[in-house]
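All remarks here apply to the structure that follows.
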Amino acid sequence: MELRDIEIFLTLAEELHFGRTAERLHVSAPRVSQAIAKQERRIGAPLFERTSRRVTLTPLGEQLRADLEAGYRRILDGVESATNAARGARETLTFGVMGPMWQGIAPVTALFRRRNPDVDLRMREVRLDEPFRLLREGEVDVALLWLPVEEKDLAVGPVTFAEPIVLAVGRTHPLATRSSVPVAELAEHTVLPSGLPVPDYWEDAVSPVPRSDADRGGATPTREEVLWRVMSGDGVAFACAQGIRYLERSDVAYVPIDEAPVLRWGLVRRTGPIPPLVAEFSQIAAELGPLTLALDLEPAGSTGRP
């Protein structure tokens with residue numbers, strides 16, 4: 001099997017869409033179909049189940065994906081290592097973060113730089129609507145992401161910090177003047193989704209209230225639409241320390257929750273052998289230990305900044 005055909009198979013196994021696979025690899029859709037058909041003829045069994053509405057891996061396809069991924073990544077890493085050595089290039093570690101979250105691991109990056117002055121440490125921003133793409137494509141070596149991460153091709157390292165989850169309510173909402181609110185009391189109010197384009201299990205992680213099956217899937221409002229409804233008094237929502245710090249809203253109040261729920265963040269990498277620099281970066285994060293980010297909320301009833 002040629003390396004390009006392996007790349008096509010692994011990309012389709014991730015995207016489960018022939019058109020997106022072709023676009024991502026800069027080839028034609030027929031080229032993707034031909035490569036998969038060739039592989040299936042050689043193996044003697046289907047690797048994908050195809051219908052007019054969806055594409056899924058067969059059990060044999062799942063097995064082949066697991067067998068090929070680690071070897072394919074090692075080939076790419078080996079070529080990159082040889083290329084860098086030939087050019088006399090410095091070693092590079094690229095880490096991914098969401099928006100301004102690089103500030104949350106500043107102690108880790110600072111200590112890594114001190115211990116590895118000959119390594120170029122680079123940062124790439126991870127998009128919330130595609131949090132795993134840069135890792136899977138090898139654009140970053142390790143990423144700081146919400147936990148849990150339930151992806152077969154990704155492994156979770158040490159927890160780096162936890163941030164409080166609080167309740168977001170409109171300034172005129174009855175709960176706005178409360179010093180705190182128990183989770184059980186929220187059954188009396190309309191609890192809105194986060195409005196963020198994230199996997200269902202991340203939505204569950206940020207919501208201390210279990211969601212019903214009716215709340216899962218389908219069209220969801222955007223974050224701004226959710227905040228507008230909160231400000232209008234049509235419901236309440238949950239917010240995290242970093243979201244408040246960087247995206248505060250003067251017409252929304254934030255109230256602590258009695259049970260003090262938190263959202264955890266940790267380092268995530270591709271499965272397989274751990275590259276030395278990723279291991280060093282993770283070890284430093286483990287040494288420093290998980291931090292709990294403090295959140296200073298205004299006094300109850302205040303109309304100042306949240």
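The values are calculated or read from the model by the stated rules, or taken from the named source; none is laboratory data. Bear in mind the structure is a predicted one, so any value in this text is a computation, not a measurement. Here Cβ is always computed from backbone atoms with ideal geometry, including for glycine, and neighbour counts include all displayed protein chains. All accessible areas refer to the heavy atoms of the entire protein, side chains included, with ligands and DNA or RNA removed. Shrake-Rupley method; radii C 1.70, N 1.55, O 1.52, S 1.80 Å.
Which value results for Rg/Rh of the stretch 1-60 when Rg is the Cα radius of gyration and Rh the Kirkwood radius based on the inverse mean 1/r?
Using only Cα positions, Rg/Rh for the stretch 1-60 is 0.92.
Most mobile of Val252, Val108, Val79 per a Gaussian network model of the chain (Cα springs, under 10 Å)?
Val79
Compute the long axis of helix 3-15 from its Cα atoms, compare it with the longest principal axis of the Cα atoms of the chain, and write down the angle in degrees, 0 to 90, nearest 10.
That helix lies at roughly 30 degrees to the long axis.
Picking from Gly99, Gly266, Gly19, which is most flexible by a Gaussian network model of the chain using Cα springs under 10 Å?
Gly19
Using only the Cα atoms of the chain, each taken as one equal point scatterer with no solvent, compute I(q) by the Debye sum, divide by I(0), and report log10 of the ratio at q = 0.11, 0.12, 0.14 Å⁻¹.
-0.82, -0.93, -1.11
Contour minus end-to-end for Val159 and Leu111, with contour as 0.36 nm per residue of separation and end-to-end as the Cα-Cα distance?
15.6 nm
Between Phe48 and residues 5 or more places away or on another chain, which pairs have amide H atoms under 5 Å apart, with H built 1.01 Å from N, and which residues are they?
For Phe48, the qualifying residues are Thr58.
May I ask you to derive the FRET efficiency for Leu288 and Arg90 from their Cβ-Cβ distance with R0 = 41 Å, giving the value to the nearest 0.05?
About 0.95, to the nearest 0.05.
So what is the calculated 222 nm ellipticity per residue for the chain, using -39500 (n - 2.57) for each DSSP H run with n of 4 or more, over all residues, to the nearest 500 deg cm²/dmol?
After summing the helix terms and dividing by residue count, I get -11500 deg cm²/dmol.
On alpha-carbon atoms, Rg over Rh for the stretch 1-152 using Kirkwood Rh?
1.03
Pairing the Cα long axis of helix 276-288 with the longest principal axis of the chain, what angle in degrees results, from 0 to 90 and rounded to the nearest 10?
20 degrees
Leaving out ligands, DNA and RNA, what percent of the accessible area of the chain is carbon and sulfur, probe 1.4 Å?
Solvent-exposed carbon and sulfur of the chain make up 52 percent of the total.
Measure nothing but the geometry: give the 0 to 90° angle between the long axis through the Cα atoms of 106-115 and the longest principal axis through the Cα atoms of the chain, rounded to 10°.
40 degrees
Can you tell me the length gained on complete extension of the stretch Glu224 to Asp5, counting 0.36 nm per residue apart and subtracting the Cα distance?
Value of the extension gain: 74.6 nm.
Nearest-5 percent of antiparallel DSSP beta bridges in the chain?
65 percent
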